[in-house]
């Protein structure tokens with residue numbers, strides 16, 4: 001049975017979390033706004049002390065690393081409960097870091113746990129789980145984003161080592177990471193999904209270069225947390241390989257589904273935050289002698305946003321429930337993940353635009369953070385696969401459950417359905433001794449199919 005209920009003990013944790021996020025984490029975002037990625041700034045030792053202190057409070061409440069099972073230091077809450085946790089963060093960068101469930105580390109920890117060797121778990125996974133370091137997932141390239149079969153970054157075997165050459169783009173968190181998980185082409189002649197392999201690359205490896213830092217709208221040129229990277233013959237030992245040779249896509253897919261769900265869970269919180277801002281503004285702003293909450297157009301925007309928010313939240317919860325049933329890798333699970341991903345981008349953008357519009361000039365000014373919110377909302381339509389690809393995946397999955405009509409007409413044309421209904425009901429009518437005419441039933445007579453003949457050509461026509 002599908003169940004989204006919250007037990008009383010867990011509700012107490014959520015109540016504590018709601019107050020903690022509002023009064024201890026949200027203030028960080030306004031004071032430490034020198035960089036949108038300040039939460040990841042390992043060079044700001046004073047700020048790291050503050051974050052560590054707050055992390056200790058989270059651990060004391062049993063809420064640390066909620067996305068992980070107990071044997072990896074998490075709480076084993078499951079995906080449905082994780083939805084109720086992640087929706088508290090919305091667009092917050094500090095929230096996930098303070099609670100130990102930030103991306104891309106959350107996904108990287110999962111694939112290290114699944115595919116990592118004992119040595120890799122000791123040197124990479126353990127410090128990652130303890131939040132002693134941050135990591136990066138370097139997959140996208142300047143010429144190859146949503147089409148991973150178009151990658152050019154190569155890893156060539158040289159004795160016991162691999163030599164990596166190429167570029168990666170929009171590698172989130174690389175400028176703060178201790179290591180990266182990098183997808184490289186190891187066999188360009190193999191079938192498309194058997195060409196790539198994953199490698200763990202330290203960010204201090206000789207030959208590794210940050211070409212430039214790249215940010216989102218509003219970030220100063222040369223700043224931001226999504227760098228352009230270059231690998232100039234970076235040499236790593238075979239022990240740095242994560243998973244078997246040629247199975248990079250398999251490793252990637254094992255993290256992408258969960259990552260997409262985590263994005264969606266936080267987007268639920270973002271949309272709720274936009275709705276809260278809209279509600280406050282509607283009751284505060286006056287125009288032509290009345291608050292704009294009395295204007296029908298404003299009411300419609302609020303109503304649409306609320307309805308879409310509730311629909312999206314339930315879609316996310318249902319998909320999370322499928323994760324808890326271990327169905328995320330099945331056909332239905334993959335369809336739901338793509339559906340959530342596509343819906344997430346649309347609602348994030350639509351509701352954010354409505355919120356900006358409702359705030360007027362102050363909404364587009366730099367005294368509010370709508371520019372950042374809008375950039376993040378648009379980013380959701382590109383991260384982990386563009387919306388169009390996910391819509392195509394949903395459509396293909398849906399169409400597998402259907403087959404063409406048998407004949408030239410749709411199955412639901414009335415003369416076909418009436419004939420079918422008559423066949424289904426005739427035995428019942430025979431048993432009770434009535435006819436269709438007596439029971440006022442109407443049965444169409446199917447037209448007799450006639451073979452098609454070309455029109456005759458007469459001498460006059462010629």
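The values are calculated or read from the model by the stated rules, or taken from the named source; none is laboratory data. Keep in mind that what you see is a predicted model, and the values were worked out from it rather than measured. Backbone-built Cβ (ideal geometry, glycine too); neighbour counts: all protein chains shown.
Results, tabulated for the structure shown:
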read-out: Unmet requirement for residue 75, which otherwise passes all of (1) out of contact with any helix residue (DSSP H, G or I) (no Cβ under 7 Å at 6 or more places or on another chain); (2) in a helix (DSSP H, G or I); value: (2)
read-out: Matching residues, segment 174-203, being in a loop (DSSP other than H, G, I, E, B) and surrounded by 19 or more Cβ atoms within 10 Å (Cβ to Cβ); value: 177, 186, 195
read-out: Residue that is farthest from residue 155 (Cα to Cα), among those in segment 204-240 that are surrounded by 20 or more Cβ atoms within 10 Å (Cβ to Cβ) and touching a helix residue (DSSP H, G or I) at 6+ places or on another chain (Cβ under 9 Å); value: 224
read-out: Of all residues in segment 58-72 being outside any loop (DSSP other than H, G, I, E, B) and in contact with a helix residue (DSSP H, G or I) (Cβ under 7 Å, 6 or more places away or on another chain), the one that is modelled with the highest pLDDT; value: 58
read-out: Candidates 413, 356, filtered to the one that is surrounded by 13 or more Cβ atoms within 10 Å (Cβ to Cβ) and under 21 Å from residue 308 (Cβ atoms); value: 356
read-out: Some residue of segment 104-115 being outside any helix (DSSP H, G or I), crowded, with 21+ Cβ neighbours inside 10 Å and either in the same structural domain as residue 230 (by TED's automatic domain parsing) or out of contact with any helix residue (DSSP H, G or I) (no Cβ under 6 Å at 6 or more places or on another chain) (or both); value: yes
read-out: Selection status of residue 289, surrounded by 18 or more Cβ atoms within 10 Å (Cβ to Cβ) and not assigned by TED's automatic domain parsing to the domain that holds residue 81; value: no
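Quick grid of which residues meet (1) within 22 Å of residue 12 (Cβ to Cβ); (2) crowded, with 22+ Cβ neighbours inside 10 Å:
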{"residue": "31", "(1), (2)": "no, no"}
{"residue": "43", "(1), (2)": "no, no"}
{"residue": "52", "(1), (2)": "no, no"}
{"residue": "56", "(1), (2)": "yes, no"}
{"residue": "71", "(1), (2)": "no, no"}
{"residue": "83", "(1), (2)": "yes, yes"}
{"residue": "101", "(1), (2)": "yes, yes"}
